[in-house]
Amino acid sequence: MKILIDESLPYYLKKALAGYDAKTVQEMGWGGIKNGPLLTLAESIFDIFLTADKNLRYQQNLTGRRLAIIVFPSNRLSVVKTLEVKLKAKIAQATIGDYIEL
């Protein structure tokens, strides 16, 4: 599973996912790209997109997207840390097209 971490999430998440093939939006050189074009780029390379943008599904048509999207309820580090175990379980279960809220 190749995972893309949105720039809205703390860098800690990259370290927490050290056993996974995870990259940040910044590492890919995609910082500042709007959600629609970002999702199009991401789905050509990645299997899962992690974000804290809870409005994503209302702002973008996610039908037919070729990646799973996992959404954090907040980008606060304390919240992200508490969801680490749940995130890993969801990553293991995620399939293309899933939209999962933690």
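Between Asn61 and Val85, residue separation times 0.36 nm minus the direct Cα-Cα distance comes to 5.7 nm. Here the mean projected area of the convex hull built on the C-alpha positions of the chain is 5.6 nm².
With 24 Å as the limit, the listed pairs Lys34/Lys54; Lys34/Lys86; Lys34/Lys81 have Lys34/Lys86; Lys34/Lys81 beyond it between alpha carbons.
Taking the number of Cβ atoms within 10 Å of each Cβ as an exposure proxy, the fewest-first ranking of Met1, Met28 is Met1, Met28. Choose one answer from Ile70, Ile48, Ile33: the residue with the largest mean-square fluctuation in a GNM of the chain with alpha-carbon springs under 10 Å. With Cα springs under 10 Å in the chain, the top fluctuation among Ile70, Ile48, Ile33 is at Ile33. Do you know the relative contact order of segment 2-101, to the nearest whole percent, from alpha carbon pairs under 8 angstrom that are 6+ apart? Result for segment 2-101 is 29 percent.
Any read-out appearing in this document is the output of simple, stated calculations on the displayed coordinates, not a laboratory observation. Only a predicted model underlies this, so the values are computations on that prediction, with no experimental measurement involved. As a convention, Cβ positions derive from the backbone with ideal geometry for all residues, glycine included, and neighbour counts pool all protein chains shown.
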